[in-house]
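The values are calculated or read from the model by the stated rules, or taken from the named source; none is laboratory data. Because the structure is a prediction, the values reported are computed rather than measured. Positions of Cβ are backbone-derived with ideal geometry, glycine not excepted, and every protein chain shown enters the neighbour counts. Ligands, DNA and RNA are stripped out before the accessible areas are found, and what is left, the full protein with its side chains, is counted by its heavy atoms. Shrake-Rupley method; radii C 1.70, N 1.55, O 1.52, S 1.80 Å.
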Amino acid sequence: MFEVLPGVGLRLPGRAGALRFGMGERAAQWAVATLADVREGWVCGAGWAFGARYEGLALEVHGDTWDRNGWYADGAGLATLTLTAEWPPAACPVVLGDIDLFCHPAAEVRAALPRPLPPGVRLHPAPGGRYFGAVHLAPGPV
């Protein structure tokens, strides 16, 4: 089970630990590597990025961000996380509090979640809109 920790990051399944905003690339990759193969990636404006797949979920992570235009604050360490269900409902639970975000119809999940969502948490519908298909996490408002 993945657990969304608003303002903190993401707790990984089993004893893999957690991905915490601000942590370095090596520590983040090490934690994810205990679950799945880590694949290097690229994100514009980020010093590092990687992804992994685990039980029907795709995890994307990036950090050491900078904005040459000065519109956003530069940040060292892990900046954002995105978990996407490859086919909703997801095989592995992704929870916020005690609510499984990807396993139930979006209308039911929306009704059970606090309004507004915690700062830094953004949900995206899956194709067709019946389920949520992705959750995006940042350390503050998105």
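Brief remarks follow.
This table checks each residue for (1) under 16 Å from VAL4 (Cβ atoms); (2) among the small types (Gly, Ala, Ser); (3) within 15 Å of the chain's Cα centre (by Cα).
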| position | (1), (2), (3) |
| --- | --- |
| GLY56 | no, yes, yes |
| LEU78 | yes, no, yes |
| ALA91 | no, yes, no |
| VAL94 | yes, no, yes |
| ASP100 | yes, no, yes |
| VAL121 | yes, no, yes |
| PHE132 | yes, no, yes |
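- Taking (1) within 17 Å of GLY17 (Cα to Cα); (2) open to solvent by 20 Å² or more (accessible area, probe 1.4 Å); (3) without any contact (Cβ under 8 Å) to a residue 40 or more places away in the chain in turn, TYR54 satisfies each apart from (3).
- The single condition from (1) touching a Phe, Trp or Tyr at 6+ places or on another chain (Cβ under 9 Å); (2) open to solvent by less than 40 Å² (accessible area, probe 1.4 Å); (3) not aromatic (Phe, Trp, Tyr) that ALA31 fails is (1).
- Note on segment 34-61: residues that are out of contact with any strand residue (DSSP E or B) (no Cβ under 8 Å at 6 or more places or on another chain) and closer than 16 Å to LEU78 by Cα amount to 1.
- Some residue of segment 91-101 being touching a helix residue (DSSP H, G or I) at 6+ places or on another chain (Cβ under 9 Å) and farther than 22 Å from GLY17 by Cβ: yes
- Of all the criteria given as (1) open to solvent by 30 Å² or more (accessible area, probe 1.4 Å); (2) touching a strand residue (DSSP E or B) at 6+ places or on another chain (Cβ under 7 Å); (3) closer than 20 Å to VAL43 by Cα; (4) touching a residue at least 12 places away in the same chain (Cβ under 8 Å), the one not satisfied by ARG130 is (3).
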